[in-house]
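> Mind looking over this structure? Questions follow.
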Amino acid sequence: MAKFELKLPKMGESVAEATITSWLKDVGDAIEADEAVLEIATDKVDSEVPSEVDGVLVEKLFDVDDVVQVGQVIAVIETEGGEVVEQTAQEPVEETQPEAEPVAEPVAPKAVAEVAQTVVAAKTAVEPVVSTEDRFYSPLVKNIAKQEGISQTELDSIPGTGKDNRVTKNDIKAYVESRSTTTDSASNSEAKVAPVSASIANDTQVLDANRRQSSVKATKNDTAPTAKNANATASEANSTEKEVKVSNGDEIIEMTRMGKLISKYMVDSVQTSAHVQSFIEADVTNIWNWRKKVKSDFMKREGENLTFTPIFMEAVTKALKDFPLMNISVQGDKIIKKKAINVGMAAALPDGNLIVPVIKNADQLNLYGMVKRVNDLAGRARENKLSPDDIQGGTYTVTNVGTFGSIMGTPIINQPQVGILALGAIRKTPAVIEGPQGDYVGIRYKMFLSHSYDHRVVNGALGGQFVKAVKDYLEGWDMNREI
């Protein structure tokens, strides 16, 4: 028998870790090659991890909700044939607290300098952090705490946004940033011992400091600095806010993981960008009649459904080429002008959530290529088979609110982009038509285009000209166009 190490696969650029959401196989279960063993989730998309071999699952190295790094061994599968090869990864070893140091006895004056140095070293040394019965910390969080010099008491005071108030990577990174920018002076004054020269001048103060340090290690009940107390207070406030009040007959529904992420992203976007909207109505009668004429033959010839979406995506792509300052992102006070035109298309999922797969290099596709790409991404989105790469790198986003009957909307920008276009429902409406013999009233197919843009970097002129360009491309559709 041989043992095969199942590792967390690379899932695309910028994706370095994933959270285990469920195990599909238990220890002792038989597994076939390409069969899913567990489900994982990144901050972008959920997916499955398949086995590369036939065999039996003999060991799980992580539990549900654990955060795993790309390339880490997550399970061991025993296969038939070959020599026994031990390749199992070691389980994360939790570090234990060091034993309390004995209280120092009075020392001679000439040894005060050595005692002071010991106190300084003890005060600046970082105790290893551990998970407790009340709170679990993932190996990643522990590693960040160790690198940033965060003590056990500090870590315990950080409010967690994960499941069961667990501290996530984003929680501890936010705490580190907050500590470094707003509490440097307070942290330095309280986390560091007084200068050695002051300690040498007063033997008693040095010895008291040593005793206090030993007591801290023995009890772990020291008082956190002011900034940490503030975090603890915030944590208590959060726990109070989380109390849910219900009346008789009310039902509490837990938000899904993706729902929580979408909620956070939407709030962050509104707080980041100054949202402004421009609205314009487009006459798409020519597109409506052209599609009706060619869609059956196209389906028979190519086996692909010709929807309106790729037509709209082509018009948006052309407008982005005309107005490259809509194809940008903002980082601090810097504007990044994107070379590639990668258009995201919001797609509804069966559970009601939305996901935004990205059409990469959309300006390099003809209409046939756009149809193929749109159908592929939409199909895999509905089947939850998108990869992390499929939803990354977007430079502008389009969302079709007309799918649900809305005639217009005010969409929220997909950060760090600066614009998003909402497509309203196509409606038959009476309209005044200009003809060679004069104006007359006729039935036309029309739709509203709603353009949200970031007023920090996109003024009203640019935002309005862009959506007007999209309208012009749609209204100028060639009825004799071939595909």
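The values are calculated or read from the model by the stated rules, or taken from the named source; none is laboratory data. Treat the numbers as computed from the prediction; the structure is a model and nothing was measured. Heads up, the Cβs are rebuilt from the backbone with ideal geometry, glycines too, and the neighbour counts pull from every protein chain shown.
> Go through region 336-367 and give me each residue that's outside any helix (DSSP H, G or I) and either polar (S, T, N, Q) or outside the structural domain of residue 423 (by TED's automatic domain parsing) (or both).
Going residue by residue through region 336-367, those that are outside any helix (DSSP H, G or I) are 336-361, 365-366.
342, 353, 361, 366 - these are the residues of region 336-367 that are outside any helix (DSSP H, G or I) and either polar (S, T, N, Q) or outside the structural domain of residue 423 (by TED's automatic domain parsing) (or both).
> Check whether at least one residue in region 420-432 is free of Cβ contacts under 8 Å to residues at least 12 places away in the same chain and within 18 Å of residue 283 (Cβ to Cβ), and report yes or no. Reasoning before the result, please.
Going through region 420-432, the residues free of Cβ contacts under 8 Å to residues at least 12 places away in the same chain turn out to be 432.
After this cut, where a residue has to be within 18 Å of residue 283 (Cβ to Cβ) as well, the list is 432.
Checking region 420-432: at least one residue is free of Cβ contacts under 8 Å to residues at least 12 places away in the same chain and within 18 Å of residue 283 (Cβ to Cβ).
> I've got another one for you. Could you tell me which of the residues 360, 372, 385 is over 22 Å from residue 311 (Cα atoms) and of a type in the set (D, E, K, R)?
On the way: 360 fails: over 22 Å from residue 311 (Cα atoms); 372 fails: over 22 Å from residue 311 (Cα atoms).
Result: 385 is the single residue among 360, 372, 385 that is over 22 Å from residue 311 (Cα atoms) and of a type in the set (D, E, K, R).
> Of all residues in region 433-469, which are without any contact (Cβ under 8 Å) to a residue 40 or more places away in the chain and over 29 Å from residue 405 (Cβ atoms)?
Filtering region 433-469 down to residues without any contact (Cβ under 8 Å) to a residue 40 or more places away in the chain leaves 433-443, 459, 461.
Those that are without any contact (Cβ under 8 Å) to a residue 40 or more places away in the chain and over 29 Å from residue 405 (Cβ atoms): 434, 435, 436, 437, 438, 439, 440, 459, 461.
> So, residue 391, is that one outside the structural domain of residue 347 (by TED's automatic domain parsing), touching a residue at least 60 places away in the same chain (Cβ under 8 Å) and of a type in the set (Val, Ile, Thr) or not? Break it down into steps so the answer makes sense when it comes.
Working: outside the structural domain of residue 347 (by TED's automatic domain parsing): no; touching a residue at least 60 places away in the same chain (Cβ under 8 Å): yes; of a type in the set (Val, Ile, Thr): yes.
No.
> Now, a different point. Quick check on residue 319: is it among the aliphatic types (A, V, I, L, M) and at pLDDT below 95?
Numbers: among the aliphatic types (A, V, I, L, M): yes; at pLDDT below 95: no.
So residue 319 fails the test.
> If I ask for residues that are under 18 Å from the mean Cα position of the chain (by Cα) and either buried (at least 21 other Cβ atoms within 10 Å of the Cβ) or not small (Gly, Ala, Ser) (or both), which ones from region 317-357 would you list?
330, 331, 344, 345, 347, 349, 353, 354, 355, 356, 357, listed by residue number.
> Those residues that are crowded, with 18+ Cβ neighbours inside 10 Å and not in a helix (DSSP H, G or I), I need them from region 138-158; list them, please.
138, 150, 151, 158
> While we're here: Looking at region 428-460, which of the residues that are touching a Phe, Trp or Tyr at 6+ places or on another chain (Cβ under 9 Å) and either aromatic (Phe, Trp, Tyr) or outside the structural domain of residue 401 (by TED's automatic domain parsing) (or both) is surrounded by the most Cβ atoms within 10 Å (Cβ to Cβ)?
It comes out as 453.
> Now for a separate question. For region 394-406, which residues satisfy the criterion of being free of Cβ contacts under 8 Å to residues at least 60 places away in the same chain and touching a Lys or Arg at 6+ places or on another chain (Cβ under 7 Å)? Step through it out loud before you land on a result.
Narrowing region 394-406 to residues free of Cβ contacts under 8 Å to residues at least 60 places away in the same chain: 394, 397, 399, 401-406.
Those that are free of Cβ contacts under 8 Å to residues at least 60 places away in the same chain and touching a Lys or Arg at 6+ places or on another chain (Cβ under 7 Å): none in region 394-406.
> Tally up the residues in region 345-356 that are within 26 Å of residue 328 (Cα to Cα) and either at pLDDT below 95 or in contact with a Pro (Cβ under 6 Å, 6 or more places away or on another chain) (or both), please.
Step one: list which residues in region 345-356 are within 26 Å of residue 328 (Cα to Cα), which gives 345-348, 354-356.
If we keep only those that are either at pLDDT below 95 or in contact with a Pro (Cβ under 6 Å, 6 or more places away or on another chain) (or both) too, we end up with 346-348, 354-356.
Result for region 345-356: 6.
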